[in-house]
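The values are calculated or read from the model by the stated rules, or taken from the named source; none is laboratory data. All values derive from a computational prediction rather than experimental measurement. Virtual Cβ from ideal backbone geometry, glycine too; neighbours counted across all protein chains shown. Only protein heavy atoms, including side chains, enter the accessible area calculation; ligands, DNA and RNA are left aside. Shrake-Rupley method; radii C 1.70, N 1.55, O 1.52, S 1.80 Å.
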Amino acid sequence: MSDSSSFSDFAKRHLLPFLAVFLVPCFSLWFFTYIEQDYDEKILATIRKQVMQDTSLSSGQRLELISQWERQLVSQLLVTQDEENAQLRDQFSDVNTRYSIFRWNIVIAWVCLITVLVALVMVGACLLFAFQSNQSQYWSLRLGLPVLQTTATIEVLGQGILIGFLSYWVTAHFLERFSPKFIGIMGVAVAVMVGSILKVMFKRLDLTNEVEGEELTEAEAPHVWQRVRQMAAHLGTEPPDFIVVGIEASFYVTENPVRLAGRIETGRMLYLSLPMLKKMTVEEADCVLGHELAHFSGDDTFWSRRIAPLIGRFDAYLTALDDGLGVVVGGFLGAFWKLYQLSLGKLSRAREFRADQIGASVSSPAAMVRALIKVTSYCAYRARAEQAVINASTVNKELRLAEQLDQGFPQFMERFVNSSEVIISEVQHPFDSHPTLKLRMQNLGITTFSALTDPALSAPVVLTWHNAIPRAAEIEASMWAERQELIQNVQAEDIAWRTMPTTQEQVEQVEAHFPMRVFMHKDGSAAVLEHDQLTLPTEPMPIRLSRIESVESEARLDFRGSNRYTILYRDEQGKQRKAMTVVSLFKDAEGSLEEAFDRYYSRYKLAQSRWAT
């Protein structure tokens, strides 16, 4: 990629959204200053004309009077409060309101600009501080987030007011007309956006992580718990409060609250992946356990627990600003979020390098690298195998996914380690970003060649920590049954999305996920939506989705967020017809016709494009 195209891509993705927050205030500052000066010049021209036509004044008096008005323009006169000029100000009472509007919009524009610049300095300093340590990362976000929240609220409110006045004055001044409807829509949009921001600011976020697995008690697996306690003591940290085993393709620790089997658990948690424990020797698994416990010893999980609510709040704030007027401000906040993610990534990689070295000290660097290769390979293999199931054109009722993964993994890993892909792969993790496998090998002092050609990688695995968990096979079987059912449900819906049904069986597949729905209006009329047609009370015949030529949405000026759809379609005789209806006012138990029609019609268009190719 050329330097120019790289810069263009950077500008579109980061620079322009960041600079967009300056657009409305800068234009408003120019426009309202310009229109104020324009009014001054027009009034001054009128005064000159009147003075020059006043025969009661001498030539010198005329020049002196004109000079006085040139020294003190009307805009300057109207902001004075002295009694001496009170009568003079009263002469311009008919334009005083307009000048006040100009002045206040100029003030609001300056407030918006100064607020952004102050936030830029303050949050910029916080960002620089964030790269130092976990603690500095926490405090930079703790201090920077309120600044950004306040900035966003001020900007949405201020820029909304500016846009509202601009929508009137730009057209009124240059075109001598304006749109009351547009002004009203802008007012509603500002109110809705400010309400959304305030709601997020005071909303209590649920940051509990859902964990699929079962708690492994010490009574069930005493040898596993004994080994974990030994490692924790060796590393100088407290052991986990509870261990969870499951079939996720990851090992991890956390101190965040988790929801396990419908109950909330707090404290230190260690998650063990049963499928991957089967692939590792005891020495390799020890390295992984040592790596995870190292995150406890380095207070990584402690600071992650404190940072998580702030990240959740920031993410919720960006989501609230991802629509309407919030987009302009959202780009500004989004730029800071991307920079903050750089500090998250930098410190996360440093934590992983440290944890790798500690994990290697439990057994050996070679065993640590083998464990990393196996984890990376398994994650890649499983992701591809599950995606292949979803992409299949039919649902295989005889599928045995767990057995398929166990039997096919050795061959996949052999191919995977001989490819260039393994070097740039990253280990999946629910809470952190990880360095590439190549960098992690280098950190442990192991060359890529020696790691990938280690004969121990392909050696049969006999003794594992999986064997020390009596109910491991039972837990796996139960969880794999649930996961396979979930994957095949996703597959069935995916098939419905991409199928243009031509047989009764295919129609039934589509209707299983896009059934007929009846939506009622408060006036008693009904609209019926099916996977291939829409029946409206205003139309004599059903509208076939295949005959729709265009769909346009128009926001109505009300406080319910109603949208009117205009649908151009061809009837059975080929005649073009236009259907207009407020789709958001038709509802059933699951939602509005607007939401459902968007989903059904999107499915039809996707299936049509797949069928055409």
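All conditions but one from (1) out of contact with any strand residue (DSSP E or B) (no Cβ under 8 Å at 6 or more places or on another chain); (2) touching a residue at least 12 places away in the same chain (Cβ under 8 Å); (3) surrounded by fewer than 18 Cβ atoms within 10 Å (Cβ to Cβ) apply to Ile446; the one that does not is (3). Number of residues in segment 583-598 that are surrounded by 15 or more Cβ atoms within 10 Å (Cβ to Cβ) and more than 12 Å from Met520 (Cα to Cα) equals 4. Residues of segment 292-314 include at least one that is under 30 Å from Gln407 (Cβ atoms) and either surrounded by fewer than 17 Cβ atoms within 10 Å (Cβ to Cβ) or of a type outside the set (A, V, I, L, M, F, W, C) (or both). When Ser343 is tested against the conditions (1) assigned to a helix (DSSP H, G or I); (2) polar (S, T, N, Q); (3) open to solvent by 10 Å² or more (accessible area, probe 1.4 Å), the lone failure is (3). Inside segment 154-164, residues that are under 23 Å from the mean Cα position of the chain (by Cα) and open to solvent by 30 Å² or more (accessible area, probe 1.4 Å) make up a count of 2. Here Thr115 meets each of (1) more than 30 Å from the chain's Cα centre (by Cα); (2) open to solvent by 20 Å² or more (accessible area, probe 1.4 Å) with one exception, condition (1). Considering only residues of segment 476-512 that are among the small types (Gly, Ala, Ser) and in contact (Cβ under 8 Å) with a residue 60 or more places away in the chain, which is least open to solvent (accessible area, probe 1.4 Å)? Among those residues, the one meeting the criterion is Ala496. When you scan segment 517-533, do you find a residue that is open to solvent by 70 Å² or more (accessible area, probe 1.4 Å) and under 30 Å from Ser179 (Cβ atoms), even just one? Looking for residues that are open to solvent by 70 Å² or more (accessible area, probe 1.4 Å) and under 30 Å from Ser179 (Cβ atoms), one finds at least one in segment 517-533, hence yes. Here Leu162 does not fit the description of being assigned to a helix (DSSP H, G or I) and under 23 Å from Ala316 (Cα atoms).
Please verify whether segment 523-530 includes one or more residues that are on the phi < 0 side of the Ramachandran plot and in contact with a helix residue (DSSP H, G or I) (Cβ under 6 Å, 6 or more places away or on another chain). Yes, the conditions are met somewhere in segment 523-530. Within segment 66-83, the residues that satisfy the criterion of being assigned to a helix (DSSP H, G or I), open to solvent by 60 Å² or more (accessible area, probe 1.4 Å) and without any contact (Cβ under 8 Å) to a residue 24 or more places away in the chain are Gln68, Arg71, Gln76, Glu83. Regarding Leu310, is this residue within 30 Å of Leu128 (Cα to Cα) and without any contact (Cβ under 8 Å) to a residue 24 or more places away in the chain? Answer is no for this residue. Could you tell me whether any residue of segment 329-339 is within 21 Å of the chain's Cα centre (by Cα), over 30 Å from Ala189 (Cα atoms) and surrounded by 20 or more Cβ atoms within 10 Å (Cβ to Cβ)? No, segment 329-339 contains no residue that is within 21 Å of the chain's Cα centre (by Cα), over 30 Å from Ala189 (Cα atoms) and surrounded by 20 or more Cβ atoms within 10 Å (Cβ to Cβ).
In this entry, Leu15 passes the filter for residues that are without any contact (Cβ under 8 Å) to a residue 60 or more places away in the chain and either within 45 Å of the chain's Cα centre (by Cα) or at positive phi (or both).
Just the residues that are open to solvent by 10 Å² or more (accessible area, probe 1.4 Å) and either assigned to a helix (DSSP H, G or I) or closer than 21 Å to Arg305 by Cα (or both), please, taken from segment 264-278. I'd like the intermediate steps shown before the answer.
Initially, segment 264-278 is screened for residues open to solvent by 10 Å² or more (accessible area, probe 1.4 Å), giving 264-268, 278.
Ile264, Glu265, Thr266, Gly267, Arg268, listed by residue number.
Just wondering, is there one or more residues in segment 124-144 that are open to solvent by less than 90 Å² (accessible area, probe 1.4 Å), in a helix (DSSP H, G or I) and closer than 25 Å to Leu29 by Cβ? Yes, because at least one residue in segment 124-144 is open to solvent by less than 90 Å² (accessible area, probe 1.4 Å), in a helix (DSSP H, G or I) and closer than 25 Å to Leu29 by Cβ.
Checked against (1) within 28 Å of Val224 (Cα to Cα); (2) of a type in the set (Val, Ile, Thr); (3) open to solvent by less than 40 Å² (accessible area, probe 1.4 Å); (4) modelled with pLDDT under 95, Ile469 meets all criteria but (4). On inspection, Phe519 qualifies as aromatic (Phe, Trp, Tyr) and under 29 Å from Val188 (Cα atoms). For segment 41-65, enumerate the residues that are open to solvent by 50 Å² or more (accessible area, probe 1.4 Å), of a type in the set (Val, Ile, Thr) and within 60 Å of the chain's Cα centre (by Cα). Answer for segment 41-65, where residues must be open to solvent by 50 Å² or more (accessible area, probe 1.4 Å), of a type in the set (Val, Ile, Thr) and within 60 Å of the chain's Cα centre (by Cα): just Thr46.
Kindly indicate whether Ala261 is open to solvent by 10 Å² or more (accessible area, probe 1.4 Å), under 21 Å from Glu476 (Cβ atoms) and of a type in the set (Gly, Ala, Ser). In short, yes.
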